[in-house]
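Novice: Below: one structure in structure tokens.
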Amino acid sequence: SYLDLIEIALKDNGIGFLRLDGKLSVSARTTVLNTFKSDPTISVCLVSIKAGGQGLNFTAASNVFMMEPQFNPGVEMQAVDRVHRLGQKRNVKIRKYIMANSFEEKIVELQEKKIKLANLATGGKAVKQDAKEIFQSLMSLF
């Protein structure tokens, strides 16, 4: 997985890190979170989007690097919210890495369409469109 590749680069550069993914038990996840908060030699916590998207508090972090876009933009937002939440005392920087001229660019376009449609459906701020354009946008998702 891409976390394995990032792990190699961190080891090669002597950067202290921890890893939290779906293979860890609940108690092991708790240990990782506590160590990340308290160990000054650890500057990176590699977290898979599935393992980090729910029920965790990463307010010890101040940088989020999204390495792989998700079809569902809500999944990314939820993962970022683990860092940028109540109790966070630092500014949070979020960086998304998208491979140029790749399928990832199409995923980002799809995310943008989904967000616009969700805003429109929930009465949020949306660009004014006529019914035909809205229908076409909705159909393009399928």
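The values are calculated or read from the model by the stated rules, or taken from the named source; none is laboratory data. This structure is a prediction, so every number in the text was calculated from the model and none was measured. FYI the Cβ positions are ideal-geometry reconstructions off the backbone, even for glycines, and counts take in every protein chain you see. These accessible areas exclude ligands, DNA and RNA; they are computed on the full protein's heavy atoms, side chains included. Shrake-Rupley method; radii C 1.70, N 1.55, O 1.52, S 1.80 Å.
Novice: Expressed as a whole percent, how much of the Cα-Cα distance distribution for the range 43-86 exceeds 17 Å?
Specialist: On the way: 198 of 946 pairs.
Counting every Cα pair in the range 43-86, those more than 17 Å apart make up 21 percent.
Novice: Taking all protein chains as present, what is the carbon and sulfur share of the accessible area of the range 41-106, in % to the nearest whole number, probe 1.4 Å?
Specialist: Percent of accessible area from carbon and sulfur atoms in the range 41-106: 54.
Novice: If we sort 4-15, 108-119, 56-67 on the protection proxy, mean other Cβ atoms within 10 Å, highest first, what's the order?
Specialist: Working: 4-15: 11.1, 108-119: 14.8, 56-67: 16.8.
The packing order, highest mean first, is 56-67, 108-119, 4-15.
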